[in-house]
Structures are given as structure tokens and as C-alpha cells.
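Engineer: Below: one structure in C-alpha cells.
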Amino acid sequence: MQEKSKKRKLLFILSIILLIGLLFLEVIYIIQKNNRYQLKNKTYYEVTLNPNNYFLTDKLEANNYYIANSIKNIDIYFDYYLKNKIKENINYSYDITATIKSYADNGTKLIWTKNFNLKNIDNINEKEIKIKENYKLDYQYYVNYVNSFQEYYNIKTENYLYLKLNVIINDKDNLYVELTIPLSNDIIEITLKEEKAFLENNKENITQKEIIVFIILGIATIYLVSKILFNKNNEKTILKAYQDIIIKIQNKPNINIDNIIYLTNLKDLISVAVNNNSNIFNYQNSYYTIIDNIYYIYDFEKNI
């Protein structure tokens, strides 16, 4: 009987460990599924100057203000990395484009636009996307282009060049990096914007089945853990009400196994003791009463 109780207790504890482990794995799975792609970008730029007597260097770093007519080239380093954590191949293409946009009324109305295809790479199928491109933008070429437009129509416009890296993943466009470069100001500031719409648009929804599994595992785990915690607390509360008939002993009683009846409910033990006007003896986690030389025993640990 004691051997069976030990096995039942061990099985109960293993069940809790298994459920907690499964619940943990389910949480990890949902998190990974919702973050299927790992995206890194290290795109940056620097400005190469025309020969002059004023600057001590021929290159200026990003995030500065620049004198427009001192600029020779803008060196742009595209460094794009996308990994599919599920290890499936990704079919992708990418292109680098430049677009001139001319505005009137202080930049509020677009009146002319011109597109330039700078580079196009098609149909790559790999487990991860690695794009490393170094593009040297001839800044004065685009300034002269808008100057020619303004001279032809004898107008004054506000002009910008938008340089973009667009990655086509599974036949869908994903603008990732865009530089905005003013073309008609004496002093310019270049802005670099990184789009992360791809990550938001490709989060996988959690299915109804996964939610049901998660809820079942959670309820089962809470039930088993609470059964241990609250069962002990409730039984101790019951025993407190009968403390006047409980006698605590220090030595383990010598009991003949043939004279033992194991009870699985504490209330049954109390009923036997009360109905027979007998005391309840307590040794460690065991409680028992003796009626007609028969030991009625209830054990906390064996009746979780």
C-alpha cells in the first residue's frame, strides 16, 4: 500500500513537471512564431567633397549639415540582412532607385517627378537575405538635372532626391531604406529613414488551436499546483478545529501492517475518531487513530 502511494505521488509530481515544461515550450513557440524574421540594417552614408582650401578632409560623416556646392559624391553603403528563423528559403529581388520630386508653394504641391533605376537584382532564393551594396551618388548630376528643368520652364521649385533600397520578398515590395537629399538649398541635411513594415506585416497570427492548447495546459498546471498548495492548507485548517483530540508523538509507532487501514480523506479519519471517542495521533505527516486494535491512518504526503 505504501509503495503504491509513493508511486502515485511520484507520478503526480512528474505530471506537474511535464505540464509546466509543455506550457513553457508552448509560450516559446508562440513567441518565436510571432517573431519569425530577424532583421538587421547597418546602412549608412558619408559625403565626399570637391577639392577645396577650407576642409581638412575630403570626407564628412553622416548626420551633419553640408554645403551643397562642395559635394562631389554621396557614398551610400547598403547593408541589409534578413533571416527566416523557420529555416525556409526566401525568394527575393531588390532594386536601388532614385527619384527627383519638384514641389511648388513651399513644398506643398508636387508638380514634377523623375525616376532613375540605379540597380536591379532578380530572383534569388536562399535561407537568408544578404544585401551589401556600395553606391556612389553623383550629387551634382541631380542638381544640374533640376536646374535644367527650372531653366526650361523659367520657374523656381523646391526639389528633393529620394534614394531607396526596395526589397521584393515573395513578390511583395518592401521599401526598407530611404534617403532624402535636398537639391535646391545652399546648406543641406540628409535624412535616412528605415522602414520596418515588413516585420509588422509578416507576423504570423496565433491559431485557435494553439490558443486552446495554451489554455488547457495553463488550467491543468494551475489545477495540479493549487491541489498541492490549497489541499494542505485546507486540511491544516480542519485539523486546527480538532486540536483538542490531537496528540503529537515523537517516536514512530510500531504498527503491524495487517492492522492498518489507509484512509484517503482526512474527514473520514476525523469521523472515525469522533464517533469512537478516540484521540488522533500525529507523527510527522501521518495522522492515525486506533479502534479495536485497528490503525486508521491518513498521510498528508500520500494523499496530495
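Values in this text are rule-based calculations from the coordinates and carry no lab data. Note that the structure is a prediction, hence the values are computed from the model and not measured. Quick reminder, even Gly has a Cβ in these numbers, built from the backbone with ideal geometry, and neighbours come from all protein chains shown.
Engineer: Tell me the Kirkwood radius of the stretch 79-144: reciprocal of the mean inverse pair distance over distinct alpha-carbon atoms, in Å. Walk me through the numbers before you get to the answer.
Structural biologist: Details: mean 1/r = 0.0671 Å⁻¹.
It works out to 14.9 Å.
Engineer: With θ taken as phi - 60° and the coefficients 6.51, -1.76 and 1.60, list the Karplus ³J(HN,Hα) couplings across the stretch 137-144 in order, rounded to whole Hz; mark glycine and proline as x.
Structural biologist: Couplings: 8, 7, 4, 5, 4, 6, 4, 5 Hz.
Engineer: Further, regarding this structure: Which entries of LYS83/LYS193; LYS72/LYS109; LYS132/LYS156 show an alpha-carbon separation above 31 angstrom in the structure shown?
Structural biologist: Details: LYS83/LYS193 21 Å; LYS72/LYS109 29 Å; LYS132/LYS156 38 Å.
From the list (LYS83/LYS193; LYS72/LYS109; LYS132/LYS156), the Cα-Cα distance tops 31 Å for LYS132/LYS156.
Engineer: Follow-up question, since we're still on this one. So, counting K/R as plus one and D/E as minus one, what does the shell of residues with Cβ under 12 Å around TYR103 add up to? Spell out each step's value before the answer.
Structural biologist: Working: positive: LYS101, LYS109, LYS156; negative: ASP105, GLU158.
Result for the local shell: +1.
Engineer: OK, next. Would you mind counting up the charge near LYS42? Only other residues with Cβ under 11 Å from its Cβ, with Lys and Arg at +1 and Asp and Glu at -1.
Structural biologist: Values: positive: LYS40, LYS132; negative: ASP79, GLU194.
That works out to 0.
Engineer: Using 0.36 nm per residue, how much length does the chain from LEU175 to LEU118 gain when fully extended, once their Cα-Cα distance is taken away?
Structural biologist: On the way: separation 57, 0.36 × 57 = 20.52 nm, distance 1.52 nm.
The span from LEU175 to LEU118 would gain 19.0 nm if fully extended.
Engineer: Please report the net charge: other residues with Cβ closer than 14 Å to the Cβ of ASN52, K and R +1, D and E -1.
Structural biologist: Net local charge, ASN52 excluded: +1.
Engineer: Something else about it: Debye calculation, C-alpha points only, no solvent: report log10 I(q)/I(0) for the stretch 107-174 at q = 0.15, 0.25, 0.29 Å⁻¹, in the same order as the q values.
Structural biologist: These q points yield log10 I(q)/I(0) values of -0.69, -1.24, -1.51.
Engineer: From the phi angles alone, apply the Karplus equation (6.51, -1.76, 1.60; θ = phi - 60°) to the stretch 151-158 and give each ³J(HN,Hα) in whole Hz, x where the residue is Gly or Pro.
Structural biologist: 5, 5, 9, 6, 10, 10, 10, 9
Engineer: Right, something else. Please give, to one decimal in nm, the separation of the simple spin-label points placed at ILE215 and ASN144, each 7 Å out from Cα toward the Cβ.
Structural biologist: Between ILE215 and ASN144, the label points sit 6.9 nm apart.
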